[in-house]
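Here the structure is laid out as structure tokens; the discussion comes afterwards.
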Amino acid sequence: MTLFIEQCLNGLQFGLLLFMLAAGLTLVFGIMDLVNLAHGSLYMIGAYFAATFTAWTGSFLLGVAIALGGTLLVGMAVEVIVMRRLYGRDHLDHVLATFGLILFFDESVRLIWGPAGLSLPLPSWLNAPVQILPGIYYSAYKLSIIIVSLAVAAGLYFLVMRTRIGMLIRAGASNREMVGALGVNIKLLYTLVFGLGAALAGLAGLMQAPILTVQIGMGEIIIILAFVITVIGGIGSIRGAFVAAIFVGLIDTLGRSYFTDLIRLAFSKETAATAAPALSSMLIYLLMAVVLVVRPEGLFSAGQK
Amino acid sequence: MKGWLNARNVFIAIVLVALTLLPVYAGITGDRFVVTLFTRIIILAIAATSLNLILGYGGMMSFGHAAYLGIGGYAVGIFAHEGIYSGFIQWPVALIMSALFALVIGALSLRTRGVYFIMITLAFAQMAYYVVAGLARYGGDDGLTIYKRSDFAGLVNLSNKTFFYYFCLIVLYACIYIVWRLVNSRFGLVIQGVRSNETRMRAIGFPTYRYRLVCFVIAGTMCGLAGALVANHTDFVSPAMMYWTRSGDLIVMVVLGGMGSLFGPLFGAVALLVLEEVLSGVTEYWQIILGPLLLLVVLFARGGIDGLLGKVRHA
Amino acid sequence: MPDLLQVDNLAKRFGGIVATDELSINISEGELHAVIGPNGAGKTTLISQLSGQLVPDSGRIRFDGNDITAVPMHARSALGLARTFQITSLFLDLSVLDNVALAVQARAGHSFRFWRNARREPELREPARAALDRVGLGARTHLPTSALSHGEHRQIELAMALASKPRMLLLDEPMAGLGPEESARMVAMLRELKKELTILLVEHDMEAVFALADRITVLVYGRVIASGKPEDIRNNTQVRDAYLGEQEAVHG
């Protein structure tokens with residue numbers, strides 16, 4: 001039972017991380033109609049910046065704050081230099097151009113930091129188990145990920161639902177031309193939205209850095225999952241991304257641990273270790289296939305297209 | 001025919017002659033590596049040609065095409081691992097498995113459009129990647145070594161470097177020929193019409209879904225053949241062959257060479273891989289150049305190499 | 001003459017908007033029946049439902065006695081019902097002849113033929129050439145469609161509809177965007193076609209409508225407000241108020 005609760009929390013934590021990645025993706029796609037494969041690169045940059053700046057400043061919090069700012073800047077620069085030329089073009093062009101960006105970023109990271117990857121050690125004050133329920137302990141850091149992510153999700157909700165900018169974002173997600181026709185400074189709006197997406201991706205990247213990985217190619221691994229979540233949740237819908245991400249996070253984590261146990265009953269430990277992740281991934285893709293068949297616009301689609 | 005002598009056709013002729021004479025050049029200069037490099041280029045050109053059929057001619061942006069390389073390759077690899085080296089068993093299975101996979105993926109994906117289609121083909125290919133990576137018996141993540149190349153009852157010797165090169169070259173020429181006949185046939189015109197304006201095709205009376213599905217299966221099967229060739233070329237298969245970024249590489253080849261042109265995929269494969277060789281000699285960080293280069297091609301030279309050739313006019 | 005097309009109580013809504021409101025209309029074989037009405041009257045929606053692109057919420061469509069309400073778009077052309085599009089919808093990157101030949105090919109059996117060069121098949125190319133000759137584009141068949149003018153595109157649209165050897169044509173504003181000379185040519189063309197085909201003509205160009213129509217139906221907000229011979233429609237006060245009045249004011 002303890003294990004189950006822990007696994008659920010792990011799944012929730014992973015899901016929230018995925019949500020932040022998917023939220024940026026779905027915003028950018030919903031508002032600018034831009035397919036950005038290089039979103040995962042911003043995730044990677046967030047992680048690398050966090051590891052580097054934490055080492056430089058000696059402070060975890062300071063390093064993380066600078067990293068977030070840095071990723072935001074990189075995101076906005078990418079928007080101004082590259083993305084602006086892609087708006088309105090065929091999706092194939094987006095895919096190719098952002099694929100080129102992935103190559104560029106991967107190699108740039110390799111050039112600057114070398115091929116080996118980095119590590120980001122946890123500060124001691126976060127590296128302790130916390131008692132969340134009588135007798136049940138959970139890592140303080142993972143708990144803080146959950147708390148921060150939920151805060152960010154709440155902040156996003158507030159931003160999108162209760163502010164002027166959020167209204168523009170929602171309007172843009174369901175009718176792009178109208179927002180432009182209303183005289184809003186579209187260029188600035190787009191840069192800000194893209195920057196927001198980049199910051200979210202960077203935040204996800206830096207949060208997982210101490211417990212998962214900081215390596216080249218980490219963006220490519222997770223971006224597919226982010227796209228799947230976007231499709232399941234409905235393009236342009238942050239609420240959809242939230243629900244879908246939690247679902248996917250839980251399926252992936254619970255799937256891995258329980259499939260491992262299941263398979264170990266009949267097969268060897270090695271077989272279980274390699275087969276379980278495969279099965280839980282398959283389950284996620286199967287879910288996407290079912291959603292696409294039953295409700296092709298996604299569960300909470302914003303309505304455009 | 002007056003129209004035949006233009007920049008494009010001259011270029012094609014040069015490339016074909018050069019490829020055919022390559023082993024002779026290698027024999028004279030003693031440069032064995034160039035044969036290995038160009039064998040790889042030719043095999044990937046076959047894969048790119050198959051992708052061009054659905055992407056360039058059919059307008060179907062599949063981001064999961066590398067999956068068929070893996071399926072064809074693993075068909076050969078798995079049989080070899082179990083001690084069955086006969087090509088007469090391995091290769092038909094490679095083709096049939098690729099066709100079946102394409103049938104299932106296509107049947108589900110082709111009901112969607114645009115970015116959903118891209119995502120769903122990508123996701124299914126990743127699913128195949130995870131399945132293969134999950135097969136501990138066949139190497140899992142580490143891949144599978146193949147100790148003996150496909151044996152066709154002694155009729156052909158695939159272990160001979162030069163012979164294998166010409167074998168692949170003939171398969172490439174055959175595939176290009178097949179694509180040529182396909183795209184100009186009734187079937188091909190339907191596919192091209194659907195790419196051009198699907199609503200109109202339905203309005204004038206074509207049940208477009210089934211034609212696209214058949215096209216998708218043909219393309220997948222041809223790529224499975226390329227996969228079987230890869231397995232024999234590298235004597236090794238791994239899930240990395242099917243990773244989604246490899247599908248991206250194939251798309252790059254098709255676009256770079258010129259979508260919807262017969263020889264575009266070949267040009268694209270040659271360009272990409274030769275560029276890779278040349279650039280990595282200059283700097284080990286050559287992808288920093290390739291990335292922006294791709295961007296520039298997308299923005300300014302969408303027709304690819306074939307498109308640029310078409311623009312060359314003689315006085 | 002018997003009715004070739006019978007539409008009974010067709011209805012279609014888009015969210016809160018009623019596009020087609022209990023619409024009934026009957027078209028006899030061999031007549032040219034015009035459908036007119038102000039913008040937003042639901043004329044294109046009607047054609048889309050007749051051609052199968054849109055599925056009506058309720059009502060029935062019968063063609064040659066058979067209920068085709070549930071028949072999919074691609075099958076209706078096989079039954080002899082062809083449509084043109086208000087906004088030109090051609091295969092711009094293919095040649096003019098390719099465009100029309102595809103329309104022929106759709107009716108020439110299945111297309112799972114993978115080997116023979118379809119551009120060399122006389123049973124596909126000849127009828128296409130004939131249809132293009134008929135609309136006056138015989139000399140321009142080899143050109144890429146994107147190279148032709150808008151007026152010529154409208155002619156190709158017509159040729160494509162003719163190439164499938166239909167019994168009935170659904171024409172959605174064939175005059176749209178045509179200058180006076182091209183319009184006159186189109187009217188002459190339609191007058192010729194009237195002799196062999198049944199035509200449902202949706203149009204704004206009143207000169208053309210009154211020159212060609214055997215009967216006219218007037219649509220306002222998706223509902224039929226009048227239907228009958230041209231003189232009756234011209235004199236119908238309701239129609240004048242709703243629609244023709246504005247037109248006459250414009251044409252002065």
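Read-outs throughout are calculated quantities, based only on the coordinates presented, and are distinct from any laboratory measurement. It should be emphasised that the depicted structure is a prediction, and the values quoted were computed from it without experimental measurement. FYI the Cβ positions are ideal-geometry reconstructions off the backbone, even for glycines, and counts take in every protein chain you see.
Could you pull the Rg and Dmax for segment B:201-286, using just the Cα atoms, both in Å?
Spelled out, the Cα radius of gyration and Dmax of segment B:201-286 are 16.8, 55 Å.
In a Gaussian network model over chain C where Cα atoms closer than 10 Å are linked, find which of C:28, C:51, C:111 has the largest mean-square fluctuation.
The residue that fluctuates most here is C:111.
Using a/c under 1.5 as the rounded threshold, could you call the protein assembly as shown rounded, prolate or oblate? The axes a ≥ b ≥ c are square roots of the C-alpha gyration tensor eigenvalues, and prolate needs a/b larger than b/c, oblate otherwise. Provide the component values of the computation, followed by the final result.
Numbers: a/c = 2.09, a/b = 1.39, b/c = 1.50.
Cα axes put the protein assembly as shown in the oblate bin.
Would you tell me the mean number of C-beta atoms belonging to other protein chains that fall within 10 Å of each C-beta in A:287-294, as a whole number?
Details: counts 0, 6, 7, 0, 0, 9, 3, 0.
So the per-residue partner count for this stretch is 3.
For chain A, what is the relative contact order in percent, using Cα pairs closer than 8 Å and at least 6 residues apart in sequence?
Answer for chain A is 35 percent.
From Cα pairs below 8 angstrom and at least 6 apart in sequence, can you work out the relative contact order of segment B:31-173, rounded to a whole percent?
36
By DSSP, what percent of the beta bridges with both residues in the protein assembly as shown are antiparallel, rounded to the nearest 5?
Details: 27 of 44 bridges.
About 60 percent, rounded to the nearest 5.
Order by neighbour count: C:181, A:79, fewest other Cβ atoms within 10 Å first, most last.
C:181, A:79
What size of dipole, in debye to the nearest 20, comes out for the protein assembly as shown about its Cα centre when the only charges are +1 on Lys and Arg C-beta atoms and -1 on Asp and Glu C-beta atoms? Don't skip to the answer; put the middle values down first.
Working: 65 positive and 57 negative charges, 139 e Å.
In debye, rounded to 20, the protein assembly as shown gives about 660.
Using a 7 Å offset from the Cα along the Cα-to-Cβ direction at both residue C:149 and residue A:133, what is the distance between the two label points in nm, to one decimal?
Inter-label distance under the simple model: 7.9 nm.
Output ³J(HN,Hα) for segment B:145-150: one whole-Hz value per residue in order, computed from phi by the Karplus curve 6.51 cos²θ - 1.76 cosθ + 1.60 with θ = phi - 60°, and x for Gly and Pro.
For segment B:145-150, the Karplus curve yields 8, 10, 8, 8, 6, 4 Hz.
Return the single residue from A:104, A:158, A:267 with maximal mean-square fluctuation; model: Gaussian network over chain A, springs between Cα atoms under 10 Å.
A:267
Relative to the compact-globule scaling 2.2 N^0.38 Å, provide the ratio for the alpha-carbon radius of gyration of segment B:39-158. List each step's numbers first, then the result.
Details: Rg = 15.6 Å, N = 120, 2.2 N^0.38 = 13.6 Å.
After normalising by residue count via 2.2 N^0.38 Å, the value is 1.15.
For chain A, take N as its residue count and report Rg(C-alpha) divided by 2.2 N^0.38 Å. Provide the component values of the computation, followed by the final result.
Working: Rg = 19.5 Å, N = 305, 2.2 N^0.38 = 19.3 Å.
Against the compact-globule rule of thumb, the ratio is 1.01.
With θ taken as phi - 60° and the coefficients 6.51, -1.76 and 1.60, list the Karplus ³J(HN,Hα) couplings across segment C:190-203 in order, rounded to whole Hz; mark glycine and proline as x.
For segment C:190-203, the Karplus-derived couplings read 5, 5, 5, 5, 3, 5, 10, 10, 8, 10, 9, 10, 9, 8 Hz, x marking Gly and Pro.
In what sequence do C:120, A:239, A:264, B:212 fall when counting other Cβ within 10 Å, fewest first?
Details: C:120 9, A:239 19, A:264 16, B:212 22.
Fewest-to-most Cβ neighbours within 10 Å comes out as C:120, A:264, A:239, B:212.
Residues with amide H under 5 Å of residue A:216's amide H, sequence separation 5 or more or different chain, H placed in the peptide plane at 1.01 Å from N; which?
Those qualifying (amide H under 5 Å, at least 5 residues apart or on another chain) are A:117.
From the backbone phi of segment B:296-302, what are the Karplus-calculated ³J(HN,Hα) couplings (6.51 cos²θ - 1.76 cosθ + 1.60, θ = phi - 60°) in whole Hz, Gly and Pro given as x?
Rounded to whole hertz, the list is 5, 4, 4, 6, 10, 9, 4.
Which residue, C:88, C:45, C:237, has the most motion in a Gaussian network model of chain C that connects Cα atoms within less than 10 Å?
Looking only at C:88, C:45, C:237, the largest GNM fluctuation is found for C:237.
Once every DSSP H run of n ≥ 4 in the protein assembly as shown is given -39500 (n - 2.57) and the sum is divided by its residues, what mean residue ellipticity at 222 nm do you get, rounded to the nearest 500 deg cm²/dmol? Provide the component values of the computation, followed by the final result.
Details: 33 runs with 543 residues, N = 872.
Theoretical 222 nm ellipticity from helices: -21000 deg cm²/dmol.
With r defined as the distance between the Cβ atoms of residue A:159 and residue A:73 and R0 fixed at 22 Å, what FRET efficiency is calculated, to the nearest 0.05?
Values: r = 20 Å, r/R0 = 0.90.
So, using R0 = 22 Å, E works out to roughly 0.65.
Residue by residue through A:260-271, how many Cβ atoms from other chains fall within 10 Å of the Cβ on average?
1
What is the distance, in nm, between label points placed 7 Å from the Cα along the Cα-to-Cβ direction at residue B:299 and at residue B:282?
Computed distance between label sites residue B:299 and residue B:282 equals 1.9 nm.
Need the C-alpha centroid separation for segment B:291-309 versus segment B:142-167, integer Å.
36
Using 1/(1 + (r/R0)^6) with R0 = 51 angstrom and r between the beta carbons of residue C:89 and residue A:125, what's the FRET efficiency to the nearest 0.05?
Values: r = 66 Å, r/R0 = 1.29.
My answer for the efficiency is 0.20.
Apply 1/(1 + (r/R0)^6) to the Cβ-Cβ distance of residue C:191 and residue B:209, taking R0 = 45 Å, and write down the FRET efficiency to the nearest 0.05.
0.70
With 10 angstrom as the radius, rank A:220, C:123 by how many other C-beta atoms surround their C-beta, starting from the fewest.
C:123, A:220
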